[in-house]
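J.: Sharing a structure here in structure tokens format.
Rule-based calculations on the coordinates, nothing more; no lab input. Treat the numbers as computed from the prediction; the structure is a model and nothing was measured. So basically every Cβ, Gly included, is an ideal-geometry build from the backbone, and we count neighbours across all protein chains shown.
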Amino acid sequence: MNPESAVVELAEPYLRGLLASAGLDVEYVRGEGNTLYRRDANGRETPVLDYAGGYGSLIFGHNNPEIVARARELLDGSVPVHAQFSAHPYATRLAAELNRIIHRELGVDEPYYATFANSGAEAIEAAVKHAELDRVLRQGEALEELAGGTERARAAVADGSATVPDAVYAHLGTARPAGDPLAPVIEEITRRNGERAAREPVFLALEGGFHGKLMGSVQLTHNEAYRTPFAALGVRARFVPRGSAEALERVRAEERGVLLGLDVDNGEVRVVEREHPVFGAFLLEPVQGEGGIQPLSDQDARIIQEFADAHDCPLVIDEIQSGLGRTGSLLASSQMGLRGDYFALAKSLGGGLAKASVMLVRETRYRAQFELVHSSTFAKDAFSCHIALKVLEMLDRDGGRAFRQATERGTALQTMLEKVRTSFPDVVKEVRGRGLMLGFEFHDQSEAEHPAIREAAGGGLFGYVIAGHLLNRHSIRTFPTASAVNTLRFEPSVLLTDEEIGRLEEALTDVCVILREQAGERLVLSSS
């Protein structure tokens with residue numbers, strides 16, 4: 001290998017440049033608990049308090065000793081990672097454990113079938129694919145039922161036991177023919193049903209939502225900067241605001257349609273209608289992560305659940321960032337009264353070591369055919385499944401002590417953040433979130449007096465500049481949320497201490513003083 005080629009930046013060099021501009025291009029060499037270690041100019045390890053937490057992936061912190069010990073045990077035992085198309089009893093146990101906790105939280109006993117994957121976005125894609133398969137099959141079943149009725153009507157007219165009233169022709173806009181009285185009727189029904197069945201499905205998603213950046217999932221992510229360049233490649237989504245039953249009904253009115261058929265009633269043929277299953281699914285995050293750490297209210301949840309139930313629209317609940325204990329329960333949505341037809345879990349499922357995710361679909365929606373048309377090379381392997389089982393064991397141990405820790409530590413952290421907001425109401429707009437998934441939003445600084453602050457805000461880099469200052473002045477690591485860059489995210493592990501909360505309070509107070517005094521020259525974006 002040419003040693004000179006090793007220094008050429010070929011791994012996302014543009015992104016590296018953006019990180020450098022905010023002082024975030026730091027290499028970390030070690031991690032434990034809520035701490036990452038970087039090397040200083042003299043090569044010494046320097047601790048950094050990590051509040052980013054792998055974007056919510058580290059419910060038990062970096063390299064948790066118990067999870068690491070389990071990983072070593074698996075690797076030392078030569079556990080097979082590649083044993084596809086064989087029995088996977090560990091995956092069965094993992095699915096059963098997930099079901100056990102979900103049943104407890106939702107108060108149901110209907111099973112959820114598991115499809116394993118490697119990332120959150122892949123779990124979302126699996127849910128969307130399964131929902132579309134289910135929709136297509138439901139559509140086919142409706143058309144088959146209608147076709148059966150039409151054939152019965154044809155036979156009744158042919159044997160004289162039924163007549164065709166003028167109302168049928170009026171309904172379809174056809175004229176009574178001289179010959180076969182049903183010929184133009186069936187032709188028109190076939191044409192309309194064909195056009196309707198050929199329509200692409202509509203997926204509903206919430207404004208501000210984020211569901212990934214793969215080809216399908218990016219079209220369900222509200223941020224236009226991520227979506228627009230790939231609009232021709234993905235599914236059709238309609239974004240709706242939270243808490244608006246009226247908006248949902250408008251969308252339904254605009255998208256709804258019917259499938260047609262014939263039946264016989266008291267010796268007369270009549271036109272029958274079946275609702276066309278146009279909605280593929282409704283996707284939502286119970287706490288929007290990249291949208292600024294925005295929790296759904298109980299009213300938001302009720303409106304969505306009622307709409308989904310009333311119109312047979314499957315709910316895909318994205319618990320990728322909010323699930324696995326981060327908000328004090330396995331499912332944040334269970335605290336809001338939501339019941340998903342699908343759940344997507346990832347991030348902390350891998351315990352900070354394995355890359356693991358799962359899509360869960362309730363039995364009443366489950367289609368066995370999906371298992372033959374969807375697969376993933378690295379999914380459902382023994383290593384990631386056993387690590388995930390260890391994570392669930394640790395979460396549920398001692399009567400769910402880790403869930404309680406997430407709630408208690410989250411309350412302590414949120415109390416501190418509210419204290420800072422109260423001291424700087426002119427600088428801090430809002431603190432929000434649940435458990436250990438909290439957002440700290442600054443007021444807009446795009447018209448700030450200091451040019452450095454103003455330019456950072458105007459260029460969409462404000463949150464990254466603040467993150468760079470926190471890192472290089474206070475050795476605290478966090479980032480803004482991707483689609484709401486005035487909001488800093490705080491997603492530490494359940495190991496969070498009062499001392500670590502105090503360090504963040506001191507650092508945020510420093511930032512707020514700088515912004516209040518418009519002292520942009522005091523922002524530190526580099527450790528050099």
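J.: On a 0 to 90° scale, report how tilted helix 89-106 is relative to the longest principal axis of the chain, with both axes built from alpha carbons and the result rounded to the nearest 10.
T.: Once rounded, one gets 90 degrees.
J.: A further question follows. With 24 Å as the cut-off, how large is the P(r) tail for the range 89-380, expressed as percent of Cα-Cα pairs?
T.: Numbers: 23786 of 42486 pairs.
In whole percent, the long-distance tail amounts to 56.
J.: Just order 20-32, 331-343 by mean Cβ neighbour count inside 10 Å, highest at the front, would you? Write down the numbers at each step before the final one.
T.: Values: 20-32: 15.6, 331-343: 23.7.
Ranking, from highest mean packing down: 331-343, 20-32.
J.: Quick one: if the Förster radius is 51 Å, what FRET efficiency do Ala519 and His103 give, using the C-beta to C-beta distance and rounding to 0.05? Mind dumping the intermediate values first?
T.: Numbers: r = 55 Å, r/R0 = 1.07.
Result of the calculation: an efficiency of 0.40.
J.: Cα-Cα over 25 Å: which of Lys347/Lys380; Lys213/Lys419; Lys355/Lys390; Lys129/Lys347; Lys213/Lys429; Lys129/Lys390?
T.: Pairs exceeding 25 Å: Lys213/Lys419; Lys213/Lys429; Lys129/Lys390.
J.: Okay, moving on. May I ask you to compute the full-extension gain from Val8 to Ser527, defined as 0.36 nm times their residue separation minus their alpha-carbon distance, rounded to one decimal in nm? Numbers along the way, then the final one.
T.: On the way: separation 519, 0.36 × 519 = 186.84 nm, distance 2.28 nm.
This chain segment gains 184.6 nm when fully extended.
J.: Could you give the nm distance between label points at Arg176 and Arg196, where each point is 7 Å from its Cα heading toward the beta carbon?
T.: Output for this residue pair reads 2.6 nm.
J.: Quick one: go through the range 308-333 and flag any residue whose amide nitrogen is under 19 Å from the point 7 Å out along the Cα-to-Cβ line of Glu110.
T.: Under cut-off, by backbone N: 308-319, 331-333.
J.: How big is the C-alpha Rg of the range 59-173 next to the rule-of-thumb value 2.2 N^0.38 Å, as a ratio?
T.: Numbers: Rg = 26.5 Å, N = 115, 2.2 N^0.38 = 13.4 Å.
Dividing the Cα Rg of the range 59-173 by 2.2 N^0.38 Å gives 1.99.
J.: Also, I was wondering about something else. Distance from a point 7 Å along Cα→Cβ of Leu18 to each backbone N in the range 481-500: keep the residues under 11 Å and list them by number.
T.: 482-483
J.: If eta is 0.692 mPa s and T is 37 °C, what Stokes-Einstein diffusion coefficient results for the range 177-269, Kirkwood Rh from Cα pairs, in µm²/s? Before the final figure, lay out the partial values.
T.: Numbers: Rh = 16.5 Å.
Here the translational diffusion coefficient equals 199 µm²/s.
J.: Further question on the same structure: If R₀ is 25 angstrom, what is the calculated FRET efficiency for the pair Leu137 and Asp398, using the beta carbon separation as r and rounding to 0.05?
T.: Values: r = 44 Å, r/R0 = 1.76.
The value I calculate is 0.05.
J.: I'd like the orientation of helix 120-158 relative to the chain: the angle between its Cα long axis and the longest Cα principal axis, in ° from 0 to 90, rounded to 10.
T.: Rounded to the nearest ten degrees, it is 10.
J.: Hey, another quick one. Can you list, bin by bin at 20 Å, the percent of alpha carbon pairs in the chain, starting at 0?
T.: For the chain, the pair-distance distribution reads 20, 46, 24, 9, 1.
J.: How large are Rg and Dmax for the range 107-158 when calculated on the C-alpha trace, in angstrom?
T.: Final numbers for Rg and Dmax: 18.7, 58 Å.
J.: Shifting gears a bit: For the range 413-477, run through the GluC sites (Glu not before Pro) and keep only the ones in DSSP coil with at most 12 other Cβ atoms within 10 Å of their Cβ.
T.: Listed in order of number, the matching sites are Glu447, Glu449.
J.: Just the Kirkwood number for the range 246-287, please: inverse of mean 1/r across all distinct Cα pairs, in Å, one decimal.
T.: Details: mean 1/r = 0.0763 Å⁻¹.
Evaluated on the range 246-287, it is 13.1 Å.
J.: Further, regarding this structure: For Val465, Val428, what's the fewest-to-most ordering of other Cβ within 10 Å of each Cβ? The partial results should precede the final answer.
T.: Numbers: Val465 25, Val428 21.
Arranged by neighbour count, lowest to highest, Val465, Val428 become Val428, Val465.
J.: For the ranges 236-245, 109-118, what's the packing order if you count other beta-carbon atoms within 10 Å of each residue, average per peptide, and put the highest first?
T.: For the peptides 236-245, 109-118, the packing ranking is 109-118, 236-245.
J.: Further question: Work out the FRET efficiency for Ala167 and Thr364 from their Cβ-Cβ distance, taking R0 = 25 Å, and round it to the nearest 0.05. Could the numbers behind the result be given before it?
T.: Numbers: r = 37 Å, r/R0 = 1.47.
After rounding, the FRET efficiency stands at 0.10.
J.: Report, for the range 89-380, the % of DSSP beta bridges that are antiparallel, rounded to 5.
T.: That works out to approximately 55 percent antiparallel.
J.: What translational diffusion coefficient, to the nearest whole µm²/s, does the range 1-116 have by Stokes-Einstein, given a Kirkwood radius computed over alpha-carbon pairs, a temperature of 37 °C and 0.692 mPa s viscosity? Numbers along the way, then the final one.
T.: Numbers: Rh = 19.0 Å.
Diffusion coefficient, whole number: 173 µm²/s.
J.: Using the Kirkwood radius built from alpha carbon pairs, what does the Stokes-Einstein equation give as D for the range 379-500 at 4 °C and 1.567 mPa s, in µm² per second? Could the numbers behind the result be given before it?
T.: On the way: Rh = 16.5 Å.
In µm²/s, the coefficient is 79.
J.: Quick one: helix 462-474 against the long Cα principal axis of the chain, what's the angle to the nearest 10°, folded into 0 to 90?
T.: The two axes meet at around 30 degrees.
J.: Give me the extension gain from Arg256 to Leu75: residue separation times 0.36 nm, minus the current Cα-Cα distance, reported in nm with one decimal. All intermediate terms of the calculation are to be shown ahead of the outcome.
T.: Values: separation 181, 0.36 × 181 = 65.16 nm, distance 5.33 nm.
Between Arg256 and Leu75, full extension yields 59.8 nm more.
J.: Sort 393-402, 185-194 by packing, meaning the average of other beta carbons within 10 Å per residue, with the highest value first.
T.: Details: 393-402: 14.8, 185-194: 16.7.
By packing density, highest mean first, the sequence is 185-194, 393-402.
J.: Sort Val251, Val168 by Cβ crowding within 10 Å, fewest neighbours at the top. Provide the component values of the computation, followed by the final result.
T.: Numbers: Val251 17, Val168 20.
Sorted ascending by nearby Cβ count, the order is Val251, Val168.
J.: When N counts the residues of the range 218-336, how does its alpha-carbon radius of gyration compare numerically with 2.2 N^0.38 Å, as a ratio? Don't skip to the answer; put the middle values down first.
T.: Details: Rg = 18.3 Å, N = 119, 2.2 N^0.38 = 13.5 Å.
Against the compact-globule rule of thumb, the ratio is 1.35.
J.: Could you run the Karplus curve 6.51 cos²θ - 1.76 cosθ + 1.60 with θ = phi - 60° over the range 509-525 and give me ³J(HN,Hα) per residue in whole Hz, x for Gly and Pro?
T.: 4, 4, 4, 5, 5, 4, 5, 5, 8, 6, 9, x, 5, 8, 5, 10, 10
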